[in-house]
Structure formats: structure tokens, C-alpha cells
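Q: There's a structure below that I have some questions on.
The values are calculated or read from the model by the stated rules, or taken from the named source; none is laboratory data. In this text the structure is predicted, and so the values were computed from the model without any measurement. Don't worry about glycine lacking a Cβ; one is built from the backbone with ideal geometry, like all the others, and counts go over all protein chains shown. Heads up: the accessible areas ignore ligands, DNA and RNA and are worked out on the full protein's heavy atoms, side chains in. Shrake-Rupley method; radii C 1.70, N 1.55, O 1.52, S 1.80 Å.
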Amino acid sequence: MQGGDGSVTMTVYAESTSAAADGSAGSGGAEAWSQSVTATVHPVCWYEQDRTGAEVAEWIDSDQAEKEYSVHGNWGGIRSYIESEYPDYDSYADDTEGYWYKPWCDWKYYSGDDPMEYQKLAGDFRSNGPVYVPAGESAPAPEVDGATLAQAAWDSVTIPTATISYNPMYGDVGATIVGMDTWVWATGDTPKEVTVTATAGSTTATITAAASMLTLQPKDGTATCTGFGIPWSEENDA
């Protein structure tokens, strides 16, 4: 579904497996969390409503179109070029309800950082030229490129926050003991792998992100663990 601003509705499904190995949610590999959302994504290129068939025909036949195009430089065949942009425009000269739609692109919706790639994407889309849509019919549906859809999908979901438990843990305040090693392990929905899949129109994109360790940042330093730990027990400690 296309919004009035050119945005497109996308459906997103996300799921993660838990890194916890203590029998809590996910049980260390089973699905621990999932989320389904409906959101919008704006394509890099889409179709903007132009003028009615009658208005475009009058614009071309009055030579106003040639005058406007001549501002960008005088070259031969201006009229032929304009007519090629609006094929069979004269067939819609009496239509005051149908509209031409022009291809349009905007850098601000581009998720990459390569201007040349953007120029190619925009150039390919604009080469399609305007499309005529009779009254009562839907505007041309824009195509959302995979990279744009993937980024929008990832931004639309809330990834579970990593949580931990540790030992020793003293009292209700959860204090540990100075000068003793602290045993730490992942709990709850701490994600080990997250997969996000989104569909908008005919485009589907999937992102998979995986984690392999915990990095802990206590106030007095940083500790990195290989893996996600296992719950403390006298047997494990031994």
C-alpha cells in the first residue's frame, strides 16, 4: 500500500534465539523472542502526481513546454524529446480526470553512501518516463530496493536487551564481593542470533545478525567472555 507521501507499507517479522544456557527463556538456542510489526518505508524513487491529461496536452501544444525546456539550453529536437517523455499525450487531451505521474528520486531516502550508485539507481528509474493513469486507477506502485528495505526493517524492530546474572550476589541490592572473582552468564532473552525479514510490494529483504560473546563494562574496567557463560553451580565452579 502506498501513502500520499510516496511511502510504502511493509510487514516485518523478527525473531531471535537466546544465548541463555540456564533454562530461562530460549533455553540456550530455542526461539526466545519474536515480534511482528507493520511500518512504512520510503523508496528512493517513486512516482509523483503531475498534471491531468488535458493540462499536459495544452502545455505541450501551446509551446509552453518548449519554452520551459529551452531555459536549460537550446538544442534541436526539443519538441520530439518532450513528446517522447509524454507518449501519446494527445490521446488524453480531453481527459480532465486522469493524471500523468512523473518518476521522482530523492537522495535523502538513499540508505547507502555511494553517490555513483545512487545516480545509477535514479537514472535507471527516471528513464521509465512519465506514466498516464486514467481516473479511478491506482498510481504506479514504487519498487523499494533491497538495501533500503533492509535498513528500514531493522530500524522498525526492538531487539531484546542483553541481561546477565552473576555469583556471588549478596542480598536484595544485588551486590557482589570486592576482591573475589565474579562468575557471569547470559540470561533471559539475551540474543544469540536475530533474523529480521520484511516485505514491501514485490521486494523481500532478510537481515541476520549473530553474536558470539559477552563484553562486560564494570566501572573499573572491561571484561570479554568467550561465549555467553553457564550458570554458576558448585559443580561448574569445580
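Q: What pairs come up if the first residue lies in the range 52-68 and is of a type in the set (Val, Ile, Thr), the second is modelled with pLDDT of 95 or more and open to solvent by 50 Å² or more (accessible area, probe 1.4 Å), and their beta carbons are under 6 Å apart, counting only those six or more places apart or on different chains?
A: The qualifying pairs are 52/96; 52/99.
Q: Determine which single condition residue 198 fails, assuming it passes every other condition in (1) at pLDDT below 95; (2) touching a strand residue (DSSP E or B) at 6+ places or on another chain (Cβ under 9 Å).
A: Exception for residue 198: condition (1).
Q: Looking only at the range 176-203, which residues are touching a residue at least 24 places away in the same chain (Cβ under 8 Å), farther than 20 Å from residue 236 by Cβ and open to solvent by 60 Å² or more (accessible area, probe 1.4 Å)?
A: Correct list: 193, 201, 202.
Q: If you scan the range 102-137, which residues turn out to be open to solvent by 60 Å² or more (accessible area, probe 1.4 Å), touching a residue at least 40 places away in the same chain (Cβ under 8 Å) and closer than 27 Å to residue 53 by Cβ?
A: 102, 104, 126, listed by residue number.
Q: On to the next question. One residue is enough: does the range 152-164 have a residue meeting the conditions farther than 21 Å from residue 40 by Cα, surrounded by fewer than 12 Cβ atoms within 10 Å (Cβ to Cβ) and over 19 Å from the mean Cα position of the chain (by Cα)?
A: Our first condition is that a residue be farther than 21 Å from residue 40 by Cα; within the range 152-164, this holds for 160-164.
Within this subset, residues satisfying the condition of being surrounded by fewer than 12 Cβ atoms within 10 Å (Cβ to Cβ) are 161.
With over 19 Å from the mean Cα position of the chain (by Cα) added as a condition, the list becomes 161.
Checked against the condition, which is being farther than 21 Å from residue 40 by Cα, surrounded by fewer than 12 Cβ atoms within 10 Å (Cβ to Cβ) and over 19 Å from the mean Cα position of the chain (by Cα), the range 152-164 yields at least one hit.
Q: A further question follows. Which of the residues that make up the range 212-238 are open to solvent by 100 Å² or more (accessible area, probe 1.4 Å) and outside any loop (DSSP other than H, G, I, E, B)?
A: Listed by number, the residues that qualify are 226, 234, 235.
Q: Next question. Just checking, which of 41, 56, 37 is surrounded by 16 or more Cβ atoms within 10 Å (Cβ to Cβ), at pLDDT 90 or above, within 29 Å of the chain's Cα centre (by Cα) and hydrophobic (A, V, I, L, M, F, W, C)?
A: 41
Q: Continuing with the same structure: Pairs under 8 Å by beta carbon, first residue assigned to a loop (DSSP other than H, G, I, E, B) and hydrophobic (A, V, I, L, M, F, W, C) in the range 81-98, partner modelled with pLDDT of 95 or more and open to solvent by 70 Å² or more (accessible area, probe 1.4 Å), six or more apart or different chains?
A: The qualifying pairs are 93/58.
Q: Something else about it: Got at least one residue in the range 89-101 being within 18 Å of residue 6 (Cα to Cα) and either of a type in the set (A, V, I, L, M, F, W, C) or open to solvent by less than 40 Å² (accessible area, probe 1.4 Å) (or both)?
A: yes
Q: Please find, among 23, 3, the residue that is modelled with pLDDT under 90, open to solvent by less than 40 Å² (accessible area, probe 1.4 Å) and of a type outside the set (D, E, K, R).
A: When all the criteria are applied, what remains is 3.
Q: All but one of (1) farther than 15 Å from residue 143 by Cα; (2) modelled with pLDDT of 70 or more; (3) open to solvent by 50 Å² or more (accessible area, probe 1.4 Å); (4) not basic (Lys, Arg) hold for residue 14; state the number of the condition that does not hold.
A: (3)
Q: Exactly one of (1) in contact (Cβ under 8 Å) with a residue 12 or more places away in the chain; (2) part of a loop (DSSP other than H, G, I, E, B) is unmet by residue 173. Its number?
A: (1)
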